[in-house]
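Encoded as structure tokens, the structure appears first; notes follow it.
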Amino acid sequence: MAATGFHMLSAVGGLRNGGKQKHSLGVALPPARRRFSVSVTAFSSEQRSAKSFWDYLEAARDFIRPEDNSPSRWFSPLESKARCDRAPLLLFLPGIDGNGLGLIRQHEKLGQMFDIWCLHIPPSNRTAFHDLVAMVETTVKSETQRSPGKPIYLVGESLGACIALAVAACIPETDLVLILSNPATSFGNSSLQHLAPLLQLLPDQLDLAFPSVLSFIPGGPLKRMIAHWVRGLPENETAANIYQDLVTTSTFTSILADTFRRETLVWKLKLLDAAALFANAHLHLVKAQTLILSSGNDQILPSTGEGKRLRKKLTKCEVRSFNDNGHCLFLEDGIDLVSIIKATSFYRRGSHQDYISDYIPPTLSEFNKCYGVNRLLEVIMGPVFLSTTEDGKVVRGLGGIPSEGPVLLVGNHMLLASDKISLPGQFVHERNINLRPLVHPMMFTRLRDGLLPDVSVYDTLRMMGSVPISATHLHNLLSAKSHILLFPGGIREALHRKGEEYKLMWPEKAEFVRAAAKFGARIVPFCGVGEDDFLKVVVDYNDQIKFPIVKEVLKRVTAEGPEVRGSVEGEEGNQDFHMPGVIPKWPGRYYYYFGKVIETGEDELGDRDRAKEVYLGVKKEVERCIEFVKQRREEDPYRPLLPRLHYHLQHGLRTQVPTFPF
């Protein structure tokens, strides 16, 4: 096993002795040396892994001994130097292959956030499902007692997902987070259930038939061979790549043949049947936070429908779909489990999620992926950013924004919250500042299913640092010296009525001023202008509620999400969710203007009248910025789209397009 670089732990769990870990061979492993840290820059450090599908095959070949019937055991996939002290424990529970290497392409990045143990079930091992569950349960209890207050992550694929669900059902009081890839709870609806009787009838010469079929699972070697043809590479390079994949396919088939000998495969299918029956019978007992990852091109299990079914059965469950991927999701190109965990806000190191200390900024590649879809919109919008320096001078760009936090950026919401498209990305590109927008909690959770879009549509915003708005979260962000984005008008401004463009609809209370004053934060009023150059509201909320049926539907939709400002009276209180009827206009241009910085301190904290005065001053400055931009944009020769496109054709897409004089 030394060739693999993996450390074997005990058959029950990793036993500690004087701060050192021992594997089953009795060799002491040095304690972890690297402490967990969260980057204070806009981008977290990027841990690149060169692991490929070929690495999985090489490691699996070293792991698999067909006649090995030794007990199931844990192993650590990383060298001790890759561990981090304060990270939660992640237990990986494999599928029917049992080798525990299914996360090999994810190990390096996961090792920055978790302490990882993987379960290895030798091919000839005949441990019953209940005994596998008991083994994992014992480990979970032991590690929970050793590190109270920290969650334990159970990441399982197919069979391993059933084990994870069973453990969560057996110990519902334990703080677990489940991440389940293509759970085998759908075994009863798959063609696999009919395979065991058939295998009993097959002659010995056909033992390799099933592994040969498995080797062509979409996402494996066959998918890559087809991809080489469509990439348009030179013939020699294409031929070389296809030859390499043929070798990979041959190796994969050989490994599968060793893993799934006929008697082993029959046992595995019986194990899957028992696992699916037990897990499905106990779903009502599962209270753990759960994330289901469903592959749309799974040729082994009906995973797409199963994800939807489990979403309804489990109390704390979210689903993410991967339409083009196959059964072995974690081994496929383009699948990054760390990014998935971050985007779904499933990472925490304590009993409750802390959106400040648990937040890990996106890496550069994650940022580029998040904002790649917005690049065309950026060209169409042609946003202009202006800011005000300490001496009152207006400059192009964000040079007037204070570098050191805490900074509270307070502005108006444009129609459909379109301001969130450009602002976070510009702060990263120009100032290396990771904004923390305070957003409606409906982007994070639902009270019930219904007509609202699934929370997965907001994954990009969560990856980039959005936080559910609340007084507590504002307090914590200020204490962490963050750059915070706040829209006091909320969805009332974002979903405004006809003729209400750029009208501020802020509540009367000046609470954000007093919160800022407590930490001596600087407030930067700003405005966004440009929505009226792109969209026109033709059917608003007042028009919609004239129809009783529509009004009732809007009430039900609003009840699906958490309430905000329920105690605030009037239009600024909790607003009904609705979608204004809009028609597009010939595109103009977006403008963002950051006004004069307003200092806060003890005066505003202890004097409500003084805090109210500052609040009104912030509001007045936002209104001044709006009027300034609305007037001056009339002098912008590049406000229409066509002149900007012509300028880009002459000077390149990355060139900044001029605007009005200021």
Item to check | Unique match (being under 22 Å from F53 (Cβ atoms), aliphatic (A, V, I, L, M) and open to solvent by 10 Å² or more (accessible area, probe 1.4 Å)) among I96, I104 | outcome: I96
Checklist outcome for this item: If we take the range 416-505, then helices (runs of 4 or more DSSP H) inside it with 2 or more residues that are at pLDDT below 95 and either buried (at least 22 other Cβ atoms within 10 Å of the Cβ) or within 19 Å of the chain's Cα centre (by Cα) (or both) are 423-431, 459-463, 490-494
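Quick grid of which residues meet (1) surrounded by 23 or more Cβ atoms within 10 Å (Cβ to Cβ); (2) touching a helix residue (DSSP H, G or I) at 6+ places or on another chain (Cβ under 6 Å):
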{"position": "I121", "(1), (2)": "yes, no"}
{"position": "S124", "(1), (2)": "no, no"}
{"position": "A128", "(1), (2)": "no, no"}
{"position": "A166", "(1), (2)": "yes, yes"}
{"position": "A169", "(1), (2)": "no, yes"}
{"position": "D175", "(1), (2)": "no, no"}
{"position": "F187", "(1), (2)": "yes, yes"}
Next on the checklist: For the range 279-395, give me every one of the strands (runs of 3 or more DSSP E) that falls completely inside it and has 2 or more residues that are among the small types (G, A, S) and buried (at least 20 other Cβ atoms within 10 Å of the Cβ).
Outcome noted: 289-295
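Residues are listed down the side, and each one gets a yes or a no for (1) within 20 Å of T659 (Cβ to Cβ); (2) among the β-branched types (V, I, T); (3) out of contact with any Ser or Thr (no Cβ under 7 Å at 6 or more places or on another chain):
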| residue | (1), (2), (3) |
| --- | --- |
| G392 | yes, no, yes |
| M414 | yes, no, yes |
| N434 | no, no, yes |
| D459 | no, no, no |
| A480 | no, no, yes |
Checklist entry - Within the range 563-570, can one find any residue that is in contact with a Phe, Trp or Tyr (Cβ under 8 Å, 6 or more places away or on another chain) and surrounded by 16 or more Cβ atoms within 10 Å (Cβ to Cβ)? => result no
Item to check | K619 being among the basic types (K, R) and closer than 28 Å to P383 by Cβ | outcome: yes
Checklist outcome for this item: Note on the range 91-137: residues outside any loop (DSSP other than H, G, I, E, B), aliphatic (A, V, I, L, M) and over 27 Å from N69 (Cβ atoms) are L110
Item to check | Checking T264 against (1) modelled with pLDDT under 95; (2) hydroxyl-bearing (S, T, Y); (3) touching a helix residue (DSSP H, G or I) at 6+ places or on another chain (Cβ under 7 Å), the condition it does not meet | outcome: (3)
Next on the checklist: Looking at A50 and the list (1) at pLDDT below 80; (2) among the small types (G, A, S); (3) surrounded by 17 or more Cβ atoms within 10 Å (Cβ to Cβ), which single condition is not satisfied?
Outcome noted: (3)
Checklist outcome for this item: Within the range 592-646, the count of residues that are of a type in the set (G, A, S) and at pLDDT 95 or above comes to 2
Checklist entry - Quick check: is even one residue across the range 576-584 touching a strand residue (DSSP E or B) at 6+ places or on another chain (Cβ under 7 Å), β-branched (V, I, T), open to solvent by less than 60 Å² (accessible area, probe 1.4 Å) and more than 30 Å from K393 (Cβ to Cβ)? => result yes
Checklist entry - If you go through the range 134-150, how many residues are open to solvent by 10 Å² or more (accessible area, probe 1.4 Å) and either within 27 Å of F53 (Cβ to Cβ) or among the β-branched types (V, I, T) (or both)? => result 2
Checklist entry - Of all residues in the range 627-662 being of a type in the set (D, E, K, R) and part of a helix (DSSP H, G or I), which is most open to solvent (accessible area, probe 1.4 Å)? => result E634
Checklist entry - Regarding R624, is this residue in a helix (DSSP H, G or I), touching a Cys at 6+ places or on another chain (Cβ under 9 Å) and open to solvent by 60 Å² or more (accessible area, probe 1.4 Å)? => result yes
Next on the checklist: The conditions are (1) among the β-branched types (V, I, T); (2) under 30 Å from V155 (Cβ atoms); (3) assigned to a loop (DSSP other than H, G, I, E, B); (4) in contact (Cβ under 8 Å) with a residue 60 or more places away in the chain, and I401 fails exactly one of them. Which is it?
Outcome noted: (2)
Checklist outcome for this item: By my count, helices (runs of 4 or more DSSP H) wholly in the range 506-611 with at least 3 residues that are closer than 29 Å to K481 by Cα are 511-518, 602-606
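The values are calculated or read from the model by the stated rules, or taken from the named source; none is laboratory data. Fair warning: this is a prediction, and the values are worked out from it, not measured in the lab. Note that we place each Cβ from the backbone using ideal geometry, even for glycine, and neighbour counts take in every protein chain shown. These area figures cover heavy atoms from the full protein model, side chains too; ligands, DNA and RNA do not enter into them. Shrake-Rupley method; radii C 1.70, N 1.55, O 1.52, S 1.80 Å.
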